[in-house]
Every structure is written in structure tokens, then in C-alpha cells.
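Report on the following structure.
The values are calculated or read from the model by the stated rules, or taken from the named source; none is laboratory data. Nothing here was measured: the structure is a model prediction, and the numbers come from that model. Cβ sites come from the backbone with ideal geometry, for glycine too, and all protein chains shown count toward neighbours. Side chains included, ligands, DNA and RNA excluded: accessible areas come from the protein's heavy atoms. Shrake-Rupley method; radii C 1.70, N 1.55, O 1.52, S 1.80 Å.
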Amino acid sequence: MKLGELHRAVHEAGIKGHEAESNDHWTTRQEIEVTSLHYNTRDVRPGGLFVAIEGFSTDGHRYIQDAVDKGAVAVISQKPSAAPIPVFQVPDSRKALAVLADHFFGAPSSRLTIVGITGTNGKTTTAYLIENILLAAGFQVGVIGTVNYRYKGNLFENPVTTPESLDLQRILAEMLSENVTHVVLEVSSHAIDLSRIAGCRLDIGVFTNLTQDHLDYHGDMDRYWACKKRLFTEYLGVDKKALAVINTDNPQGLALVSDLTCPCITTGRSPNSMIHSESTTIDVDGIRGSLATPQGLIHFDSSLVGRHNLENILSAAGVGSALALAPEAIQTGIDRTLSVPGRLERVPGSSDRPVYVDYAHTPDALENVLKALEQLAPERIICIFGCGGNRDTTKRPLMGQIAATFAHLSIVTSDNPRSEEPGDIIDQIIAGIRRVCQNEYTAQELKRGFKHKGYCREPDRKRAIQKGIQAAEPGDMILIAGKGHETYQIIGDTSRPFDDRAVAQSVLSVLQTEVDKQP
């Protein structure tokens, strides 16, 4: 693709820029062939166009010369540069990257039906539900989300919920080349704010809910909410006639409806919602009942557990309705979603004292899963959890208070401590626990069992899981929260292999072996 063509795409997108000072190459070398795009110099190849982005841990402008040395033929920059190749300076290089990627890969989103899901919680489960509904309707489906990105039996690691714009457009083009017709895309607030989805044409936007999270990035809830709203007021319907699916059981969802300029389908438990639940039963076996939709009454029998999952089911049914799918396809997709990785996922081998792993890492999510387990009427609930380092600190005491309110024993441990001292994070969580409960168990006391509501601190996550499972008695339930599907733990700058599910299964296996040895 010619450099001049990419230059025009940026200009036509309203991104006004200029040739860098002392650089007269850009306008005179428009016929240069650009063979690839890059935002990381480690990936630069000869013939590539390098886009310098100011990141959170490093600044891509520092590596422009590295890109030149590796054969880059041009640079998009947000800061002045005297590189000996064409340099075009723009006010927002992230947005420029999104425009360039969309153009370079042939605007793949314009030829796909794309469902974008945003909200603090529920994005992943809703994505799985929508995926199964679309598959039941006979479509070829791709999903890009927190767990992975996948299509037609292929699974790929996805390090962030919503990839950087260049990676996103590449994945969309890849899916399109494999005859995918519909893509379900989880959209994080970071992706909205950092222009990762700029140029991505959405057909349907789904809002699940808004609760506290990411305040380390956004600063306060007002700015966090303003960012989420942009999916519907700024991004939804670019070059397409779009629809919104809004969960009105959430106060922000109800408020959002009046701000929309596109058609909207509302979902919720209230009969005032276009799609609402009727005569629903929620118990240990899942959720059963009926959904009233414009397409008619849909009877469903889901194995997903908890009231929060009813909201996810309603959102997914809203997408099916927005696409005018047959009620049978919506029902089949809901019923076929048996479980979601790391979302109240039952660990095998935990028969008389069930162990569940959940990604809950916000106050609202933790409360939802604990309430869901409470509805299953266990003898006691043991909650093992921590909070991530270098993230919103204000939610730590809130999560401690919630755990102490709904669990009989809270074992506070490390999540992904990153560069923070794990003990400091634990202290902040315990400050919230002590609003409810003062009883701290030592490791030795816990070995003898526990009779009263209390908590224990154990920075080592593996030992914390061992202590929690060993303290359980038949009829108890154990929740390991915070990391869910993750198969790593980030300590300092190092990502180490760690899977809550595998650790729990190993502990259960050892316990079962000890039981089998008993006469």
C-alpha cells in the first residue's frame, strides 16, 4: 500500500497533522510502498510504517531510531522527530494508528456484523451466550474477549480484553478471510478511551452494568461512566445503522436509554423492559423460566448460577432479538452455554465441599457471586481472594467488607501484586473486613477448624487455597475469587504460571488420597 494512500486516510479521518520540522521527505515520497504497520519496534520489518505511541510504561518516541535501523520507511509521531525518513506529526498517534490499521486491512468491520459489549461486569459471560445463540442460528462466529479470541475451533491468547487497534483490525481481517460472518467483541473502558476501537464499525452495542472499577485509571466514577457512554454516543453506528441493547436493571443503563440517538432494546426483570423475565427459578441447578421478547415467549433452562447471570441471559437474548433471530435459536444458545471459564467454574473433584473459581475482582462482582453461592444454601462459605496491585486502591476495603458480610471465613491473599507489597494490599482489604468482623484466625487455629465468622491472612496464594479447602467441612462451599481463567500470577515485572483451578484440584486430590488411605 502506498504511503500517500495511508496519508490521505489519516487526513480524511479528520486527524490534522504536518511534516515534522526539518523533514521534507513525506510530501516528496508518497509513492513509497508500505508493507506492514507497527507500534512496537520489536516487530518492525523492512518496508514497515512505525507509529510512535506514548504508553504508560514507556514512550514509543524513544525508539524511532530503532525502527529506522530495522528498515521502517516512514513514521507517524505525536512529538517532533528528526528521523532520516518521512515523519508525519499528528496530535493523537493512537487514533492515527486505528485509522491506518482499518485502512491497511481493508476495513474488515464494514463486512462483518459486530456486537460490542461493554460494562464493568458480565461482558465475558454475555459474550459466550451471544456466541452460542449466533452459532445456533447458523452463523460463523468469532469472539474477541478477556479469555481469548477464537473462531471456527481456533483459540488464541489475548493479553488484554480489547486488543490494540492494529491487532484488533488484523484479527478482524483474519476472521473475515476464514468466512466468519459475526463477531462478538468485549469492549473495555481502556479500549474506548485509548481509541483501540476507533474505525471499528459496530452493528449492536450492549451495556451490561456499571459498578466501581478502574478508578486508578479514570480517577472517579463520573469519568469512568462518561467513558463507557462513548461506546453508544460516539462509536456505535459508524457507517452502519446500529442498535443498542441496554440492561435497565442497572441505574446507569436506565439513564443511558434517554441519551441514545439510535434505536434501543431494553432488557431487565421489570415488565417495562422490552425483553424481560417471567416466572424465573434460580437454584443450585441453574436458572429456569421464560423470557418475554418481541419474537414471542422463550422458555429456557440454563445451568448458569446466580441472579447476575439472569441479567447476562437477558442481554444476550436482546442481541438475538435485535438481529431478528428465531426464538428457537435464542433458546438453544442459552441452554447450550453450560459454563464459562473462570466464571463460577466448578473445580472437578469437589463433591461434598464444592470449590468454585470466579474472576470477580470488583466489589459488585464479588457480592454477586457470594450471593449466588448463598442461594445454594451451603453450610458455610469460605472466600479466598485478594486485590490486584497497581490498580484502584479504593475498592480493596469495600471488597473486604463484602467478603466478611457474606462469607463465614475470608482468607485474604495475593492476587497479581505487581510492584506493590502484598502485605500492604492485604492490610487495606482487612481494614474493610474489620468493619464487619474482628475475629482473626492464625494458621494454627485454622488447622483445628473454625466455628465462628472470621478471617485469616496468607500472602502466598497457593497456601491460601490449601488452607481454605482444608478448613472446609462437608456441606461448605469454597470460592476462590479474583483471577478466574487466568493461568499466571504477576509478581513484580514477572508473570509466573499459576492457575487457581489447577492448584485447587491438586489440593483436592491430595485430600482424597488421604481419605482413601484411612482404614
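For region 42-89, a tally of residues being out of contact with any Phe, Trp or Tyr (no Cβ under 7 Å at 6 or more places or on another chain) and either assigned to a loop (DSSP other than H, G, I, E, B) or farther than 23 Å from Gly4 by Cβ (or both) returns 29. Scanning region 309-368 for residues that are small (Gly, Ala, Ser) and within 21 Å of Thr118 (Cβ to Cβ) yields Ser315, Ala316, Ala317, Gly318, Gly320, Ser321, Ala322, Gly333, Gly342, Ala360, Ala365.
Taking every residue in region 298-327 that is closer than 16 Å to Leu134 by Cβ and polar (S, T, N, Q) and pairing it with any residue that is open to solvent by less than 10 Å² (accessible area, probe 1.4 Å) and in a strand (DSSP E or B), at least 6 positions away or on another chain, the pairs with Cβ-Cβ distances below 7 Å are Ser315/Val206; Ser315/Val245; Ser315/Asn247; Ser315/Thr267; Ser321/Ile275. In the set (1) in contact with a Ser or Thr (Cβ under 9 Å, 6 or more places away or on another chain); (2) in a helix (DSSP H, G or I), the condition left unmet by Asp167 is number (1).
Screening Ile144 with (1) in contact (Cβ under 8 Å) with a residue 60 or more places away in the chain; (2) buried (at least 19 other Cβ atoms within 10 Å of the Cβ); (3) within 24 Å of Leu323 (Cβ to Cβ) gives one miss only, at (1).
Scanning region 216-259 for residues that are among the acidic types (Asp, Glu) and either in a helix (DSSP H, G or I) or crowded, with 16+ Cβ neighbours inside 10 Å (or both) yields Asp216, Asp222, Glu234, Asp249.
Exactly one residue out of Val206, Val160 is surrounded by fewer than 18 Cβ atoms within 10 Å (Cβ to Cβ) and not in a helix (DSSP H, G or I), and it is Val160.
Does region 472-512 hold any residues that are part of a helix (DSSP H, G or I), open to solvent by 30 Å² or more (accessible area, probe 1.4 Å) and not hydrophobic (A, V, I, L, M, F, W, C), and which are they? Spell out how you get there, then give the answer.
First, pick out the residues of region 472-512 that are part of a helix (DSSP H, G or I): 500-512.
Checking the rest, the ones that are also open to solvent by 30 Å² or more (accessible area, probe 1.4 Å) come to 501-502, 505-506, 509-512.
Scanning region 472-512 gives Arg501, Gln505, Ser506, Ser509, Gln512.
Within region 106-141, the set of residues being over 22 Å from Pro327 (Cα atoms), outside any loop (DSSP other than H, G, I, E, B), under 18 Å from the mean Cα position of the chain (by Cα) and among the polar types (S, T, N, Q) comprises Thr118, Thr124.
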